[in-house]
Amino acid sequence: MQLKTCHLASMRRFFNTRRFILSGKNKISILNPCSSCSPRFCSTLYKLLFLCMLCMLVMLLSERDASINNVATPPATPSPRIFCIISTYGYRQSTTAIHIKRTWANHCDRFLFVSDDSHEEIEPAVFLKVPDKWHQYRAHLEYVHRYHFDEADWFLYANDDNFVVVENLRHMLQSKNPDELVYFGCKLRSHSNQVYMYDRAAIIFSSATLQRFVLQALPDESICGSGEMGGAATEELSRCLSNINVQAGDSRDHLGHHRILPLQLKEHLNIPLNASLELHKNFLDRSYYHVENNQIPVSVRYISSHIEYMPDAYNLYYMIYQVKQFGLPPANNWQEADEEQFNLDGNVYN
């Protein structure tokens, strides 16, 4: 019994907590493990610990951001590059073309004025002694293909009295393929059932269309005539493109409302066209699409129209690009409104 008591006493002494805590000059405090170290050593140790923790935090945040970016960010679709060809004449350069350069032309990725005379501000490419419109089409498009083909995916051919909302055109072309044989404009049909684009409105060519037109159609007289065409220039242009399997595309929006307008914008806004006017009657007789009640529904994604009074270019430019509407959702958030359209009187209809 005494032996057992001694054994227990020795075990208590062996497991005494004082054996695990140094005393005197070698003591270690749990709250301050560096209490017995030099201040310089402790300062260095604390700095190293802080840097390690900071590095671990940065690594964790970087891994989290990388995982979020990989999941949430879809691959960006390249924005279509648009080269604008703007046709004018020497006697109109200071009265019409100059106003186009000061407004919407600067929204193209690149633009080029083509004319029969030079001008110090618009700096056009000059084509002398080419009076026929069909010959102008041939010369202008061949020139752009030769010197500017690699600068764009789509080529807009406009007159100096067209107003173009380039951003809306870019939006329309976002879902199109520039390698397709297609072109767009204000679509008409001749009395001989030839589909063509209205010459007073803008015409848009894919890069594939421009290349095939210049390299395959123009050199072949059986595909494209080389004689003068007068007022039938766009009909001949469309006939040539049809001969090389280029499709006349639909430039209307998803509701069938027109984005490329043949007349002035004010002539389309909730009023019917006047069939007694020759210009209106010509369009109504030849429109490729049915025009109900002589009224063309205008898309809120309007792309282009005709201008008669050139100061209107500044009015349109101001209203489209500079006026700010407070209290309304962002106007460019179209993806949320793909299934609805706003009428010009503010009502919504499907």
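The values are calculated or read from the model by the stated rules, or taken from the named source; none is laboratory data. Please read these numbers as outputs of a predicted model, since none were measured by experiment. Here the Cβ is made from the backbone with ideal geometry for all residues, glycine too, and neighbour counts use every protein chain on show. Quick note on the areas: whole protein, heavy atoms, side chains included, nothing else; ligands and nucleic acids left out. Shrake-Rupley method; radii C 1.70, N 1.55, O 1.52, S 1.80 Å.
General remarks:
- Rg and Dmax, both from the Cα atoms of the stretch 209-324 and both in Å, are 17.5, 54.
- Accessible area expressed per residue, the stretch 215-285, with surrounding protein chains retained (probe 1.4 Å, Å²): 48 Å²
- Per-residue 3J(HN,Hα) values for the stretch 152-168, derived from phi via the Karplus relation 6.51 cos²θ - 1.76 cosθ + 1.60 with θ = phi - 60°, read 7, 9, 9, 10, 8, 10, 10, 8, 6, 10, 9, 10, 10, 8, 4, 5, 5 Hz in sequence order (x marks Gly and Pro).
- Separation of alpha-carbon centers, the stretch 224-279 and the stretch 112-164, rounded to whole Å: 19 Å
- Lys266-Gln295 pseudo-label distance in nm [points 7 Å out on the Cα-to-Cβ vector]: 1.9 nm
- Value of Rg to Rh for the stretch 85-164, rounded to two decimals, is 0.93; Kirkwood radius and Rg both from alpha-carbon coordinates.
- The amide H of Asp117, built 1.01 Å from its N in the peptide plane, has Gly90, Phe127 as neighbours under 5 Å, considering only residues 5 or more places off or on other chains.
- Of the trypsin sites (Lys or Arg not before Pro) in the stretch 81-170, the ones in a loop by DSSP (not H, G, I, E or B) with at most 12 other beta carbons within 10 Å are Lys129.
- Each of Arg110 and Leu279 was given a label point 7 Å from its Cα along the Cα-to-Cβ line. The distance between the two points is 3.3 nm.
- Value of D in µm² per second that Stokes-Einstein yields for the stretch 120-228, Kirkwood Rh from Cα pairs, at 37 °C (0.692 mPa s): 214 µm²/s
- Atom-type composition of the exposed protein surface of the stretch 142-221 places 41 percent of the accessible area on carbon and sulfur (1.4 angstrom probe).
- Taking every protein chain into account, the accessible area of the stretch 72-164 amounts to 46 square angstrom per residue (probe 1.4 Å).
- Sites matching GluC sites (Glu not before Pro) across the stretch 223-310 that sit in DSSP coil, with at most 10 neighbouring C-beta atoms within 10 Å: Glu308
- DSSP bridge orientation in the stretch 111-212 - percent antiparallel, rounded to nearest 5: 80 percent
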